[in-house]
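All remarks here apply to the structure that follows.
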Amino acid sequence: MSVVEIDLNALADVVDEVTAALEQAYAENPIRPSDLADPHQIGENLKQFAQTVQQVDAQYHGNSDGKSREALTDKLDDLGQLGDYGLAQLNALSRWAGLLELEELQVTLDELAIPIALWTARNIGSLQELRNVVDALSRIANQTQDPDFLAELSGIMDEIANAAAPVVKEDRDKSHAGRPWRVLNLNHGVVATRTHDPAIMEPVFEQILLRLPEDAPTFFREGMEQMDVIDYPGHVREVMEKYYKMTNNPTLH
């Protein structure tokens with residue numbers, strides 16, 4: 001499955017395949033955490049989610065079978081919760097994969113969070129369940145040096161950040177450095193830098209100034225340090241230096 005686009009039929013197939021493997025491992029393992037439903041139930045929830053996404057997608061693209069939104073989302077109070085519901089079920093299955101030491105399945109599940117979040121951003125809007133999405137984006141970014149792919153990934157990160165729920169964007173509790181909203185925006189800045197494209201870098205850097213004003217000075221100071229370590233091209237250095245001076249220039253007395 002592409003990182004960028006969600007193949008709705010493939011999503012259902014992957015869920016079937018992963019759930020079957022988890023159920024077999026679950027039957028052979030005594031682990032029974034009290035805060036998790038069994039993999040079969042979570043898998044059924046996720047398969048229902050995949051079917052609902054297909055039906056909603058058909059409605060949005062003019063291929064509706066006549067069912068109302070209310071009928072499609074009878075398990076949810078609001079269609080706006082659909083993406084977060086799917087991501088929560090995906091996270092639960094991913095936790096099971098981790099507990100059962102099925103690392104490859106866990107990676108597959110975590111990476112499915114990206115297309116689900118992207119579909120939600122494009123069709124529904126609001127997202128609160130960001131942690132798995134942010135972790136998967138970070139892992140994929142670290143696996144490539146290709147500027148074109150990084151540019152595409154930057155666009156995905158932009159869409160997901162813009163679709164974050166208002167309560168996430170408010171970022172009121174800044175006590176946890178690893179909060180997904182902070183990590184997403186800082187990682188986006190790194191990915192944008194690695195594209196070597198000022199047209200991508202500058203809008204992302206502006207968002208860092210707006211969204212993470214407390215972190216911006218450190219981000220751009222460390223960014224300048226990396227310019228020498230990695231020997232970035234001059235035009236990339238110019239952009240980084242501009243924002244470094246904007247946020248780290250001491251007040252003259």
**Asked** From the list 148, 135, which residue is assigned to a helix (DSSP H, G or I), open to solvent by 70 Å² or more (accessible area, probe 1.4 Å) and closer than 20 Å to residue 91 by Cβ?
**Response** 135
**Message:** Residues that are over 21 Å from residue 138 (Cα atoms), at least 1 per element: which helices (runs of 4 or more DSSP H) completely within the range 168-253 meet that?
**Reply:** 198-211, 216-230, 234-248
**Request:** Starting from residues that are modelled with pLDDT under 85 and among the hydroxyl-bearing types (Ser, Thr, Tyr), keep the ones in the range 1-36 and report whichever is most open to solvent (accessible area, probe 1.4 Å).
**Result:** 34
**Asked** Looking at 182, 172, which is the one that is among the basic types (Lys, Arg) and open to solvent by less than 60 Å² (accessible area, probe 1.4 Å)?
**Response** 182
**Asked** Based on what the data block shows, is residue 144 of a type outside the set (Phe, Trp, Tyr) and closer than 26 Å to residue 248 by Cβ?
**Response** no
**Asked** at pLDDT 90 or above, open to solvent by less than 50 Å² (accessible area, probe 1.4 Å) and closer than 19 Å to residue 159 by Cα, is that true of residue 114?
**Response** yes
**Request:** Output the residues belonging to the range 27-58 that are outside any loop (DSSP other than H, G, I, E, B) and touching a residue at least 60 places away in the same chain (Cβ under 8 Å).
**Result:** 53, 56, 57
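The values are calculated or read from the model by the stated rules, or taken from the named source; none is laboratory data. If you're wondering where the values come from, they're calculated on a predicted model, not measured in any experiment. Positions of Cβ are backbone-derived with ideal geometry, glycine not excepted, and every protein chain shown enters the neighbour counts. Protein only, heavy atoms only, side chains kept; ligands, DNA and RNA dropped before computing areas. Shrake-Rupley method; radii C 1.70, N 1.55, O 1.52, S 1.80 Å.
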